[in-house]
1. Looking at region A:47-55, can you tell me whether even one residue there is surrounded by 15 or more Cβ atoms within 10 Å (Cβ to Cβ), of a type in the set (Phe, Trp, Tyr) and not in a loop (DSSP other than H, G, I, E, B)?
2. Quick check, is A:Arg63 at pLDDT 90 or above and basic (Lys, Arg)?
3. Residues of region B:1-42 being within 19 Å of B:Ala82 (Cβ to Cβ), under 19 Å from the mean Cα position of the chain (by Cα) and in a loop (DSSP other than H, G, I, E, B), which ones?
4. Determine the pairs where a residue that is more than 16 Å from A:Gly18 (Cβ to Cβ), located within region B:128-155, has a partner that is assigned to a helix (DSSP H, G or I) and aromatic (Phe, Trp, Tyr) with Cβ atoms under 7 Å apart, the partner being 6 or more residues away or on another chain.
5. Can you tell me which condition A:Ser8 does not meet? The list is (1) more than 11 Å from every other protein chain (Cβ to nearest Cβ); (2) closer than 24 Å to B:Ala150 by Cα; (3) among the hydroxyl-bearing types (Ser, Thr, Tyr), and all the others hold.
6. Working only within region A:44-54, note down all residues that are at the interface with chain B (Cβ under 8 Å from one of its Cβ atoms) and touching a Gly at 6+ places or on another chain (Cβ under 9 Å).
7. Taking the options B:Leu120, B:Leu114, B:Leu140, B:Leu127, name whichever one is within 21 Å of A:Ile4 (Cβ to Cβ) and at pLDDT 90 or above.
8. Would you tally the residues in region B:42-91 being surrounded by 21 or more Cβ atoms within 10 Å (Cβ to Cβ) and under 18 Å from B:Ala160 (Cβ atoms)?
Amino acid sequence: MSYINQASWDRIVRIALGIILLYLGWAGVVPGGLGVFLKVIGFVPLITGLVGWCPLYALLKVRTNKV
Amino acid sequence: MEKEAFFEKLHQNPRPVVVDIWAPWCMPCRAIAPSLESLGGQFDGRVDYWKVNADESLDLVQSLGVRSIPTVIAFRGGQEVARRIGAQPKIALGELFEAALTGAVQFEPGLAPLQRMLRLIAGAGLLILGWQAGPSIILLAVSGVVLFSAVYDRCPVWRALSPRLARLFHRPQATQVK
(Lines give C-alpha, C1' and ligand atoms only; values in the text may rest on other atoms or scores of the structure.)
Protein backbone atom coordinates (compact mmCIF):
# COMPACT_ATOMS: atom_id res chain seq x y z
CA MET A 1 0.00 0.00 0.00
CA SER A 2 1.45 3.29 -1.08
CA TYR A 3 0.73 5.38 2.02
CA ILE A 4 2.87 3.16 4.28
CA ASN A 5 6.21 4.79 5.07
CA GLN A 6 7.52 2.42 7.76
CA ALA A 7 9.51 -0.78 7.41
CA SER A 8 8.37 -3.92 9.25
CA TRP A 9 11.07 -3.56 11.92
CA ASP A 10 10.03 0.06 12.47
CA ARG A 11 6.40 -0.96 13.00
CA ILE A 12 7.31 -3.78 15.40
CA VAL A 13 9.50 -1.41 17.47
CA ARG A 14 6.73 1.22 17.58
CA ILE A 15 4.06 -1.27 18.64
CA ALA A 16 6.33 -2.72 21.36
CA LEU A 17 7.25 0.78 22.54
CA GLY A 18 3.60 1.83 22.57
CA ILE A 19 2.57 -1.16 24.67
CA ILE A 20 5.46 -0.58 27.10
CA LEU A 21 4.59 3.11 27.51
CA LEU A 22 0.90 2.29 27.97
CA TYR A 23 1.82 -0.39 30.50
CA LEU A 24 3.95 2.07 32.49
CA GLY A 25 1.11 4.61 32.50
CA TRP A 26 -2.00 2.45 32.88
CA ALA A 27 -0.60 -0.18 35.25
CA GLY A 28 0.45 2.56 37.65
CA VAL A 29 4.17 1.80 37.42
CA VAL A 30 4.86 5.50 36.85
CA PRO A 31 2.67 7.64 39.13
CA GLY A 32 1.63 11.29 38.92
CA GLY A 33 1.67 13.62 35.95
CA LEU A 34 4.24 11.58 34.06
CA GLY A 35 2.00 8.53 34.38
CA VAL A 36 -0.93 10.44 32.87
CA PHE A 37 1.37 11.67 30.09
CA LEU A 38 2.43 8.06 29.35
CA LYS A 39 -1.21 6.94 29.33
CA VAL A 40 -1.82 9.27 26.40
CA ILE A 41 1.53 9.39 24.58
CA GLY A 42 1.76 5.57 24.43
CA PHE A 43 -1.05 5.55 21.85
CA VAL A 44 1.08 7.57 19.40
CA PRO A 45 3.73 4.92 18.58
CA LEU A 46 1.10 2.18 18.89
CA ILE A 47 -1.28 3.74 16.35
CA THR A 48 1.45 4.87 13.94
CA GLY A 49 2.94 1.36 14.11
CA LEU A 50 -0.42 -0.31 13.48
CA VAL A 51 -1.28 1.98 10.59
CA GLY A 52 2.25 1.90 9.14
CA TRP A 53 2.24 5.62 8.41
CA CYS A 54 4.16 8.21 10.43
CA PRO A 55 3.08 11.86 9.94
CA LEU A 56 6.54 13.10 11.02
CA TYR A 57 8.20 10.95 8.34
CA ALA A 58 5.72 12.31 5.80
CA LEU A 59 6.51 15.88 6.88
CA LEU A 60 10.26 15.31 6.65
CA LYS A 61 9.83 13.27 3.45
CA VAL A 62 11.70 10.27 4.84
CA ARG A 63 10.68 6.62 4.97
CA THR A 64 12.18 3.47 6.43
CA ASN A 65 10.59 1.09 3.93
CA LYS A 66 11.43 0.62 0.27
CA VAL A 67 9.03 2.27 -2.16
CA MET B 1 -15.09 -35.00 -12.60
CA GLU B 2 -11.64 -35.90 -13.91
CA LYS B 3 -8.93 -33.27 -13.62
CA GLU B 4 -7.99 -33.34 -17.31
CA ALA B 5 -11.61 -33.24 -18.45
CA PHE B 6 -12.34 -30.29 -16.16
CA PHE B 7 -9.46 -28.15 -17.41
CA GLU B 8 -10.18 -29.02 -21.04
CA LYS B 9 -13.82 -28.05 -20.59
CA LEU B 10 -12.80 -24.89 -18.71
CA HIS B 11 -10.39 -23.72 -21.43
CA GLN B 12 -12.87 -24.47 -24.22
CA ASN B 13 -15.81 -22.84 -22.46
CA PRO B 14 -16.80 -19.64 -24.28
CA ARG B 15 -18.09 -17.97 -21.13
CA PRO B 16 -16.53 -17.23 -17.72
CA VAL B 17 -17.18 -19.92 -15.11
CA VAL B 18 -17.88 -19.95 -11.39
CA VAL B 19 -17.03 -23.30 -9.80
CA ASP B 20 -18.57 -24.37 -6.51
CA ILE B 21 -16.56 -27.08 -4.76
CA TRP B 22 -18.85 -28.81 -2.32
CA ALA B 23 -19.68 -32.15 -0.69
CA PRO B 24 -23.03 -33.66 0.34
CA TRP B 25 -22.02 -33.90 4.02
CA CYS B 26 -20.85 -30.25 4.20
CA MET B 27 -23.47 -28.10 5.93
CA PRO B 28 -22.00 -24.69 4.93
CA CYS B 29 -21.98 -25.95 1.30
CA ARG B 30 -25.70 -26.69 1.57
CA ALA B 31 -26.28 -23.30 3.19
CA ILE B 32 -24.79 -21.34 0.27
CA ALA B 33 -26.19 -23.61 -2.49
CA PRO B 34 -29.53 -21.73 -2.86
CA SER B 35 -27.71 -18.37 -3.21
CA LEU B 36 -25.33 -19.81 -5.79
CA GLU B 37 -28.15 -21.40 -7.77
CA SER B 38 -30.08 -18.14 -7.72
CA LEU B 39 -26.99 -16.22 -8.91
CA GLY B 40 -26.38 -18.91 -11.55
CA GLY B 41 -29.88 -18.13 -12.85
CA GLN B 42 -29.30 -14.36 -12.70
CA PHE B 43 -26.04 -14.61 -14.68
CA ASP B 44 -27.38 -17.30 -17.04
CA GLY B 45 -25.92 -16.87 -20.54
CA ARG B 46 -23.13 -14.60 -19.24
CA VAL B 47 -21.40 -16.73 -16.58
CA ASP B 48 -21.63 -20.52 -16.32
CA TYR B 49 -22.07 -22.09 -12.90
CA TRP B 50 -20.55 -25.52 -12.28
CA LYS B 51 -20.64 -27.70 -9.20
CA VAL B 52 -17.80 -30.06 -8.35
CA ASN B 53 -18.32 -32.76 -5.74
CA ALA B 54 -15.05 -32.78 -3.76
CA ASP B 55 -15.49 -36.43 -2.70
CA GLU B 56 -15.67 -37.59 -6.32
CA SER B 57 -12.90 -35.32 -7.67
CA LEU B 58 -10.01 -35.46 -5.20
CA ASP B 59 -7.35 -35.00 -7.91
CA LEU B 60 -9.10 -31.96 -9.31
CA VAL B 61 -9.66 -30.45 -5.86
CA GLN B 62 -5.97 -30.85 -5.04
CA SER B 63 -4.84 -29.37 -8.33
CA LEU B 64 -7.07 -26.33 -7.68
CA GLY B 65 -5.34 -25.87 -4.30
CA VAL B 66 -8.57 -26.31 -2.35
CA ARG B 67 -7.96 -27.05 1.33
CA SER B 68 -11.42 -26.57 2.75
CA ILE B 69 -14.97 -26.49 1.45
CA PRO B 70 -17.05 -24.76 0.42
CA THR B 71 -14.67 -23.00 -1.95
CA VAL B 72 -16.06 -20.98 -4.83
CA ILE B 73 -13.67 -20.01 -7.63
CA ALA B 74 -14.26 -17.54 -10.47
CA PHE B 75 -12.53 -18.28 -13.78
CA ARG B 76 -12.25 -15.98 -16.76
CA GLY B 77 -10.56 -17.11 -19.96
CA GLY B 78 -9.58 -20.32 -18.19
CA GLN B 79 -7.66 -18.38 -15.50
CA GLU B 80 -8.67 -17.97 -11.89
CA VAL B 81 -9.57 -14.36 -11.07
CA ALA B 82 -10.98 -14.72 -7.55
CA ARG B 83 -11.97 -17.27 -4.92
CA ARG B 84 -13.85 -17.29 -1.66
CA ILE B 85 -13.55 -19.91 1.05
CA GLY B 86 -16.23 -20.79 3.58
CA ALA B 87 -19.91 -19.87 3.84
CA GLN B 88 -20.50 -16.42 2.35
CA PRO B 89 -23.45 -14.06 2.16
CA LYS B 90 -25.15 -13.83 -1.23
CA ILE B 91 -23.70 -10.38 -1.89
CA ALA B 92 -20.15 -11.77 -1.56
CA LEU B 93 -20.96 -14.66 -3.87
CA GLY B 94 -22.44 -12.20 -6.35
CA GLU B 95 -19.09 -10.38 -6.37
CA LEU B 96 -17.48 -13.62 -7.57
CA PHE B 97 -19.86 -13.79 -10.54
CA GLU B 98 -19.08 -10.14 -11.27
CA ALA B 99 -15.35 -10.88 -10.99
CA ALA B 100 -15.72 -13.75 -13.49
CA LEU B 101 -17.68 -11.50 -15.84
CA THR B 102 -15.43 -8.43 -15.73
CA GLY B 103 -12.07 -9.78 -14.53
CA ALA B 104 -12.01 -7.08 -11.85
CA VAL B 105 -12.17 -8.19 -8.25
CA GLN B 106 -14.55 -5.86 -6.46
CA PHE B 107 -13.65 -6.76 -2.92
CA GLU B 108 -10.77 -5.92 -0.65
CA PRO B 109 -7.84 -8.29 -1.18
CA GLY B 110 -7.50 -8.74 2.60
CA LEU B 111 -4.82 -8.02 5.14
CA ALA B 112 -1.19 -8.97 4.65
CA PRO B 113 -0.03 -11.67 7.15
CA LEU B 114 2.37 -9.25 8.90
CA GLN B 115 -0.34 -6.63 9.24
CA ARG B 116 -2.74 -9.17 10.71
CA MET B 117 -0.11 -10.52 13.14
CA LEU B 118 0.89 -7.04 14.36
CA ARG B 119 -2.73 -6.12 14.99
CA LEU B 120 -3.44 -9.37 16.81
CA ILE B 121 -0.37 -9.00 19.05
CA ALA B 122 -1.10 -5.33 19.79
CA GLY B 123 -4.78 -6.09 20.46
CA ALA B 124 -3.94 -8.97 22.79
CA GLY B 125 -1.36 -6.80 24.61
CA LEU B 126 -3.91 -4.04 25.09
CA LEU B 127 -6.54 -6.53 26.24
CA ILE B 128 -4.23 -7.94 28.95
CA LEU B 129 -3.13 -4.45 29.95
CA GLY B 130 -6.71 -3.19 30.02
CA TRP B 131 -7.76 -6.09 32.23
CA GLN B 132 -4.87 -5.61 34.63
CA ALA B 133 -5.24 -1.84 34.85
CA GLY B 134 -8.50 -1.70 36.66
CA PRO B 135 -10.02 -3.05 34.32
CA SER B 136 -9.85 0.04 32.13
CA ILE B 137 -12.83 0.51 29.83
CA ILE B 138 -10.80 2.75 27.48
CA LEU B 139 -8.05 0.17 26.96
CA LEU B 140 -10.53 -2.69 26.61
CA ALA B 141 -12.47 -0.72 23.98
CA VAL B 142 -9.27 0.13 22.07
CA SER B 143 -8.15 -3.51 22.24
CA GLY B 144 -11.55 -4.55 20.82
CA VAL B 145 -11.15 -2.15 17.89
CA VAL B 146 -7.57 -3.31 17.22
CA LEU B 147 -8.52 -7.00 17.43
CA PHE B 148 -11.48 -6.48 15.11
CA SER B 149 -9.25 -4.63 12.64
CA ALA B 150 -7.09 -7.79 12.54
CA VAL B 151 -9.95 -10.02 11.44
CA TYR B 152 -12.52 -7.71 9.84
CA ASP B 153 -11.89 -9.12 6.36
CA ARG B 154 -12.95 -12.58 7.57
CA CYS B 155 -16.05 -11.42 9.40
CA PRO B 156 -19.20 -12.41 7.44
CA VAL B 157 -21.25 -9.61 9.02
CA TRP B 158 -18.65 -7.02 7.95
CA ARG B 159 -18.51 -8.53 4.44
CA ALA B 160 -22.25 -8.27 4.13
CA LEU B 161 -22.42 -4.72 5.48
CA SER B 162 -19.33 -3.08 3.94
CA PRO B 163 -20.58 -2.87 0.31
CA ARG B 164 -23.83 -1.35 1.59
CA LEU B 165 -21.96 1.14 3.77
CA ALA B 166 -19.69 1.97 0.83
CA ARG B 167 -22.72 2.64 -1.37
CA LEU B 168 -24.27 4.70 1.42
CA PHE B 169 -21.25 6.99 1.64
CA HIS B 170 -20.48 6.79 -2.12
CA ARG B 171 -16.99 5.56 -1.34
CA PRO B 172 -15.37 3.85 -4.35
CA GLN B 173 -14.53 0.16 -3.73
CA ALA B 174 -10.99 -1.13 -3.96
CA THR B 175 -10.45 -2.69 -7.35
CA GLN B 176 -7.83 -5.28 -8.06
CA VAL B 177 -7.26 -6.90 -11.40
CA LYS B 178 -5.59 -10.26 -11.19
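1. Pass one, region A:47-55, residues surrounded by 15 or more Cβ atoms within 10 Å (Cβ to Cβ): A:47-54.
In the following step, the residues that additionally are of a type in the set (Phe, Trp, Tyr) were identified as A:53.
Now restrict to residues that are not in a loop (DSSP other than H, G, I, E, B): none.
So far as region A:47-55 goes, no, none of its residues is surrounded by 15 or more Cβ atoms within 10 Å (Cβ to Cβ), of a type in the set (Phe, Trp, Tyr) and not in a loop (DSSP other than H, G, I, E, B).
2. Details: at pLDDT 90 or above: no; basic (Lys, Arg): yes.
Against the criterion (at pLDDT 90 or above and basic (Lys, Arg)), A:Arg63 does not qualify.
3. Selection gives B:Pro16 alone.
4. Qualifying pairs under 7 Å: B:Tyr152/B:Trp158.
5. Only one criterion is unmet by A:Ser8, namely (1).
6. A:Leu46, A:Gly49, A:Leu50
7. Numbers: B:Leu114 fails: at pLDDT 90 or above; B:Leu140 fails: within 21 Å of A:Ile4 (Cβ to Cβ); B:Leu127 fails: within 21 Å of A:Ile4 (Cβ to Cβ).
Criteria check complete, one pass: B:Leu120.
8. Total meeting the criteria: 4.
The values are calculated or read from the model by the stated rules, or taken from the named source; none is laboratory data. Note that this is a predicted model, so its numbers are computed, not measured. Here the Cβ is made from the backbone with ideal geometry for all residues, glycine too, and neighbour counts use every protein chain on show.
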